[in-house]
Structure formats: structure tokens, C-alpha cells
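Participant: Just passing along the structure, written as C-alpha cells.
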Amino acid sequence: MKLTRMTAPVVLASAIALGLAGCAQSERTGESSSSGSASEGGGDGATSDTFTFGAAGAPETFDPFYASDGETFRVTRQMMQGLLGIKPGSADAQPELAESWEPSEDGLTWTFKLRQGVKFTDGEAFNAEAVCYNFERMFDQNEVAAAGPAEYWAYTMGGFKSGEDESLYKSCTAKDESTVELALTRVTSDFPVLLTLDSFSMQSPKALKDGDANNVQKEGEGFKYPAYASAPVGTGPYKLEKYDEANKTITLVRNDDYWGDKAKTAKLVFKIVPDEATRRQELEAKSINAYDLPNPVDWKDLEGAGNQVLVRPAFNILYMGLNPEKNKKLQDLKVRQAIYMALNREQLVSTQLPEGAKVATQFMPDTVAGYNTLLQPMEYNVEKAKALLKEAGAEGMTLQFAYPSEVSRPYMPDPQKIHDALRTDLEAIGIKVDVVTKPWNGGYLDGVDNGQFDAWLLGWTGDYNSANNFIGTFFSAPSNDFHTYATDFGQTLTKELREADGIVDEGERTTAYEALNKKIMEEYLPGLPISHSPPALVVGTGVEGVVPSPLTAETFDTVTVAK
């Protein structure tokens, strides 16, 4: 995701230290697989009443609507639920608080049948009125929230009630206690799957009102959140007990009134340990039971010590971005093709990326509808690449090529090593590489956004299972990081992407995206897809029931820990 670029510091005001047409009944049980769930230890023996997860950072807030970072969502996901959920072990939507949904013929109105008998953890009923209150609450934001913390709404829905920008959301109508109609202003392939985002979790209207939930204020360079942000109320299998800021722990307790299968562990503790090496030490000392994103070089040793490294399915893309506005030679397709042919991606994947990584053929993983299975990787051919540069009059060209420091991403574990390998490939066809590096949050992301580099390394982890969330995010806006408006195809590509996103029929839309992926790779080539890498999490001995999610959206209500 890219939204975390805009995250600002936060102050919690609190006394506590703080497209799918229809679906079947939800199944909330995890499934084990070869890459899949934690399954050793435990057995029929005694189990601990606590599962402790080593978190890399503290939550920004406990109100997921104002969050944009994974550490916040990892916590709120255990307490909150949306109309749609995510099938464990996949990126596919499934019923959660809505049991089924269907669109009108024109795709502008969606009818949701809600699960009955559900209550929020404050005892208030979950019903159609509560759903509409939540959507109207999200839509009606003050100027401070609309310009900052409510960014997932802005990213997916567009404008707010008091703003000038058009919103995808039009209205919510409670037809009866268990039936809701959501009206849209336009058709998009992102709906209703975008409702799987944690930001769109349903929260208690009473608690939102009592906690003055929308009263977000600016404070210095960050934001001051109201009381509700430290006292969240959802419908999930856990609820917040306390946030011990001094000891850097967040404790959730089982919701004994939960509508579904009760959580198998009475307490869920998130212990904040920013350093990855320290998290490993704590796992070895058994002071935590699991942590996220272990360094790939440590996987074998971790497993050798009796832990389980759970490899998630890859739902990401590493790419080399290109800026044809800054370097005019990149406006020539032959130059872009020559650069792509020069990259020995098979070698890169086998030497620099974790086990299970693979060469990309397009800008999305193969689990997304619209992926073109007929596309093959661009051939690695040094001599042909040199010939293309010669034809384009670009022999000996200079390319400023940037990479980030002070960061490791699931799709890019060691940016410098990956950059070194690709730079060597470029130099082999006679390109003079001007190397630039800046800290991830100290100028690199801003440099990409402001068009400072000819070429750069970046990537994307999908937010949900939608082609538009990948290639639409990259290329549909007239102004984008790839500067497609400086090419002869930019306006056409924007138009084609918007047309595909607006197709109501799912089969026709999938066919359109398959054709677009072929065009992007063979006719346009606005950037260079490199690889897909599977991130992992590690669990200690005796832990059962963790199902790795390609969206890093694990829920822990199925987890047990052997004593």
C-alpha cells in the first residue's frame, strides 16, 4: 500500500494510556495448507490462556477509520468487522456482517442482507440503522480529518459530504432491520470488495456519539483524536481491555457475547518491539509467541529451532518505475524495452529474494481477476537490448536510478542489493547509471512523488482483490508517478482503465483487464514489473491456528498456544 506515506504523528485524547454478486454463508474456520496455518504442538494438551504477538510499532489510534498503517489494523481487526470479510488464507471477499449482497441492473445500488442477532460489545444492536449511521459518519468529516486521517475514504470513495470532490458514495437506506441499500454515483470494479478494508469496519453508533468520534483536531504536525479513539466498540471476537503505553503492551480480552465461534484464547496481547532482531530474541525466550516479517535470511535457522515460518501467498509487485518526462529518451518504447531486456530477473529472484518469489509478467499477481495468463516474461537478451538502444539512438545514455535506504519491504527485502544487481545489468548494455539513494521516509518517497528520478525501485501490496487496485492505482490518474501524460499513450491508457473499471458485468470486465494487461506490457510498457515476493510471519512452538493472509490480514481468534 502507498497510503502510509502520508501518515502523521498522533495524539490520543484519552484517560486510558492507550465485484461479487452474491455470497454463501460465512465460514470463519481457518484452513491448513502446505504453506498454511500453524499446526505443531498443542494437540489435546493444556493450552495457555494468552497469545502474545510481537508488534513492530504502536497503533496510531484504535479507530480504524482514521488509520492507514498495518500495526493499527492488526489490532483493530481482532475487535472490528465489516460488512464483507476476507476468506482466511486468500485475498477473496466473503460474508461477515452482511450475509449476502447483490447489485441493481445498472450497478449503482447494492442491497445487503445483514446477519441477525449480532450485538456490539457495548450491548447495542447491530442492524441496518447502525450500518447507515456508520456510512454517514464516515462521509461527514470535518476539514482536518478530510485532509488527513480519513485518507482511506478519500482513496476509495473520493469526496466528503462538505467537500467539492465527487464521492463514490451517494447514500445509505435502511429498508428494514436487516436490509441495507447503498447507492453509488458511478459503477466501479472496486465495489463492494473495498468494503473488506479495515477502515470500513462497523462501530457502535452509541459509542461513536458518546466519544465524539469525528472531532479530530490538528495538533502541531500531527492530530489530536477524541475520546472514542481510545475506547473502540466493535462486533468482533475480542474487545480492548487496556493499552499500557509505559510497558508497550496492548491487551484484548475475549468477547464472550460474540455472535460466532468464541475466540479460542482468552487474552490476546500485542507487545511492541520495534527492532526485528529483538523480536527474534523474544521469540526464542518465549516472551512472545509470534512476529511478522522475519528476515528471509533467518527463515532456515528459525525453523531449525522448532518455530514455524508461515509463508504468505504473494500479493504484491516490485517494479522499476520510469519517468519519461524527466529523461526524454524514456519516451521511446525501444529504449524501455531495451532496459527491460537487460534485466536478468530470473537470477535476481533466485539470488536476492526469498523462497517462493517469482518473475513478474505484468503489474499484478496471478490471483487477481484480469491477470493475463498468456503473457510471458520479457526475455533476458543483452545483445538484443544493445541493438534496440542503437536503433533508438540511445547508446551510452545516462540513467539516474534511485533506491531507498533505511527500509525493508516484503517485495524488496534488501533494496541496495537488488539495485546493485539491476545496475550491473544496465551497465552491461552500455548505460551509464547515476546512482541515487535517499532514506525511505527522508526524501525517497517524496522524490518519487515529485518526479526527481529517471528510474527508481518501488512496489505495491494490494489492498483487496481488484485489478483496478493495481493497474488503476498506477496508471488511471492523468497525473501519476509513472508520468504517462508525457507519453503518446498516456491519455489513451487512462481512458481505457476508466472504461474497464466501469463495466458492470464481471466476465466482460475481467476480459477487458486481461486485454489491458497485454497492451500495457507489449504496446505501452510505462514501467518494468520485476517480481512477486511472498512475505512471512513466524510462530513459536506450540502455536496452532494462525492462517497466513496474502493481505497480512490475519485474525487470531482461532489460535491456541500449548503450555
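The values are calculated or read from the model by the stated rules, or taken from the named source; none is laboratory data. Note that this is a predicted model, so its numbers are computed, not measured. Note: ideal-geometry Cβ built from the backbone for every residue, glycine included; neighbour counts use all protein chains shown. Quick note on the areas: whole protein, heavy atoms, side chains included, nothing else; ligands and nucleic acids left out. Shrake-Rupley method; radii C 1.70, N 1.55, O 1.52, S 1.80 Å.
Participant: Filter segment 52-78 down to the residues that are open to solvent by less than 10 Å² (accessible area, probe 1.4 Å), in a loop (DSSP other than H, G, I, E, B) and in contact with a helix residue (DSSP H, G or I) (Cβ under 9 Å, 6 or more places away or on another chain) and list them by number.
Facilitator: Result: THR61, PHE62, ASP63, ALA67, SER68.
Participant: Here's a follow-up. If LEU293 satisfies every condition in (1) at negative phi; (2) among the hydrophobic types (A, V, I, L, M, F, W, C); (3) open to solvent by 10 Å² or more (accessible area, probe 1.4 Å); (4) in contact with a strand residue (DSSP E or B) (Cβ under 9 Å, 6 or more places away or on another chain) but one, which is the exception?
Facilitator: (1)
Participant: Could you tell me how many of the residues in segment 299-346 are more than 24 Å from the chain's Cα centre (by Cα) and either open to solvent by less than 60 Å² (accessible area, probe 1.4 Å) or among the polar types (S, T, N, Q) (or both)? Let's see the steps before the verdict.
Facilitator: Residues of segment 299-346 that are more than 24 Å from the chain's Cα centre (by Cα), as a first pass: 300-307, 323-346.
Going one step further and asking which of them are either open to solvent by less than 60 Å² (accessible area, probe 1.4 Å) or among the polar types (S, T, N, Q) (or both), we end up with 302, 306-307, 323-324, 327, 330-333, 335-345.
Here the count works out to 21.
Participant: Additional query: Just one of (1) under 20 Å from GLN331 (Cα atoms); (2) part of a loop (DSSP other than H, G, I, E, B) trips up THR361, so point out which.
Facilitator: (1)
Participant: Please go through segment 260-273 and pick out each residue that is in contact with a strand residue (DSSP E or B) (Cβ under 9 Å, 6 or more places away or on another chain) and either open to solvent by 40 Å² or more (accessible area, probe 1.4 Å) or acidic (Asp, Glu) (or both). Break it down stepwise before answering.
Facilitator: First, pick out the residues of segment 260-273 that are in contact with a strand residue (DSSP E or B) (Cβ under 9 Å, 6 or more places away or on another chain): 262-273.
LYS262, LYS264, LYS267, LYS271, listed by residue number.
Participant: Against the conditions (1) more than 27 Å from the chain's Cα centre (by Cα); (2) open to solvent by less than 70 Å² (accessible area, probe 1.4 Å), where does GLU284 fall short? Just the number, please.
Facilitator: GLU284 satisfies every listed condition except (2).
Participant: Could you please find all residues in segment 494-533 being assigned to a helix (DSSP H, G or I) and among the polar types (S, T, N, Q)? Break it down into steps so the answer makes sense when it comes.
Facilitator: As a first pass, look at segment 494-533 and keep what is assigned to a helix (DSSP H, G or I): 494-501, 506-524.
Within segment 494-533, THR494, THR510, THR511, ASN517 meet the criteria.
Participant: Of all residues being open to solvent by less than 10 Å² (accessible area, probe 1.4 Å) and of a type in the set (A, V, I, L, M) in segment 347-371, which is nearest to ASN295 (Cα to Cα)? Just the residue, please.
Facilitator: Taking segment 347-371 first, the residues open to solvent by less than 10 Å² (accessible area, probe 1.4 Å) are 348, 360, 362-365, 368, 370.
Subsequent filtering for residues that are of a type in the set (A, V, I, L, M) retains 348, 360, 364, 368.
On the way: LEU348: 17, ALA360: 22, MET364: 24, VAL368: 27 Å.
Here the answer is LEU348.
Residue-wise test of (1) open to solvent by less than 20 Å² (accessible area, probe 1.4 Å); (2) out of contact with any Phe, Trp or Tyr (no Cβ under 7 Å at 6 or more places or on another chain).
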site: PHE120; (1), (2): yes, no
site: GLY123; (1), (2): no, yes
site: GLU129; (1), (2): no, yes
site: TYR133; (1), (2): no, yes
site: PHE139; (1), (2): no, no
site: ALA146; (1), (2): no, no
site: ALA150; (1), (2): yes, no
site: TYR155; (1), (2): no, yes
site: GLY159; (1), (2): yes, yes
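Participant: Against the conditions (1) within 25 Å of the chain's Cα centre (by Cα); (2) at pLDDT below 95, where does GLU245 fall short? Just the number, please.
Facilitator: (1)
Participant: Just to be sure, is ASN316 polar (S, T, N, Q) and modelled with pLDDT of 95 or more? It would help to see each step written out before you state the result.
Facilitator: Working: polar (S, T, N, Q): yes; modelled with pLDDT of 95 or more: yes.
Taking the combined requirement at face value, the residue satisfies it.
Participant: Now, a different point. Restricting the search to segment 60-72, which residues are at pLDDT below 95 and not small (Gly, Ala, Ser)?
Facilitator: Step one: of segment 60-72, the residues at pLDDT below 95 are 60-61, 67-72.
Residues satisfying the conditions are GLU60, THR61, ASP69, GLU71, THR72.
Participant: Next up: Suppose we keep only residues that are under 18 Å from GLY447 (Cβ atoms), hydrophobic (A, V, I, L, M, F, W, C) and open to solvent by less than 30 Å² (accessible area, probe 1.4 Å) within segment 391-412. Which one would you say is nearest to the chain's Cα centre (by Cα)? Let's see the steps before the verdict.
Facilitator: Within segment 391-412, the first condition is being under 18 Å from GLY447 (Cβ atoms), and the residues that meet it are 398-407, 409, 412.
Still in the running and hydrophobic (A, V, I, L, M, F, W, C): 399, 401-402, 407, 412.
Still in the list and also open to solvent by less than 30 Å² (accessible area, probe 1.4 Å): 399, 401-402, 412.
Values: LEU399: 31, PHE401: 26, ALA402: 24, MET412: 15 Å.
Checking each candidate, the answer is MET412.
Participant: Please work out if LYS119 is out of contact with any His (no Cβ under 7 Å at 6 or more places or on another chain) and under 16 Å from SER201 (Cα atoms). Steps first, answer last, please.
Facilitator: On the way: out of contact with any His (no Cβ under 7 Å at 6 or more places or on another chain): yes; under 16 Å from SER201 (Cα atoms): yes.
Yes.
Participant: For the subset of segment 165-174 comprising residues that are assigned to a loop (DSSP other than H, G, I, E, B) and either β-branched (Val, Ile, Thr) or open to solvent by 20 Å² or more (accessible area, probe 1.4 Å) (or both), which member is modelled with the lowest pLDDT? If you could, list the steps in order and put the result at the bottom.
Facilitator: The first filter runs over segment 165-174 and keeps only residues assigned to a loop (DSSP other than H, G, I, E, B), leaving 165-166, 168.
So of that shortlist, the ones also either β-branched (Val, Ile, Thr) or open to solvent by 20 Å² or more (accessible area, probe 1.4 Å) (or both) come out as 165-166.
Details: ASP165: 90, GLU166: 93.
The qualifying residue modelled with the lowest pLDDT is ASP165.
Participant: Tally time: how many residues in segment 95-109 are open to solvent by 20 Å² or more (accessible area, probe 1.4 Å), under 20 Å from THR188 (Cα atoms) and part of a strand (DSSP E or B)? Reasoning before the result, please.
Facilitator: From segment 95-109, those open to solvent by 20 Å² or more (accessible area, probe 1.4 Å) are 96, 99-100, 102-106, 108-109; that's our starting set.
Cutting the leftovers down to under 20 Å from THR188 (Cα atoms) gives us 100, 102-106, 108-109.
Still in the running and part of a strand (DSSP E or B): 100, 102-103, 109.
Count: 4.
Participant: Out of the residues in segment 484-519 that are small (Gly, Ala, Ser) and within 23 Å of the chain's Cα centre (by Cα), state the one that is surrounded by the fewest Cβ atoms within 10 Å (Cβ to Cβ).
Facilitator: Residues of segment 484-519 that are small (Gly, Ala, Ser), as a first pass: 486, 490, 500, 502, 507, 512, 515.
Next, from what is left, pick out any that are within 23 Å of the chain's Cα centre (by Cα): 500, 502.
Numbers: ALA500: 24, GLY502: 15.
In this case the residue turns out to be GLY502.
Participant: Look through ASP425, ASP449 and report the one residue that is open to solvent by less than 30 Å² (accessible area, probe 1.4 Å) and out of contact with any strand residue (DSSP E or B) (no Cβ under 7 Å at 6 or more places or on another chain). Before you say what the answer is, go through the steps one by one.
Facilitator: Details: ASP449 fails: open to solvent by less than 30 Å² (accessible area, probe 1.4 Å).
Answer to the selection: ASP425.
Participant: Mind telling me which of the residues ASP425, ASP481, ASP463 ends up being within 18 Å of the chain's Cα centre (by Cα), of a type in the set (Asp, Glu) and not in a strand (DSSP E or B)?
Facilitator: Values: ASP425 fails: within 18 Å of the chain's Cα centre (by Cα); ASP481 fails: within 18 Å of the chain's Cα centre (by Cα).
Matching residue, one of ASP425, ASP481, ASP463: ASP463.
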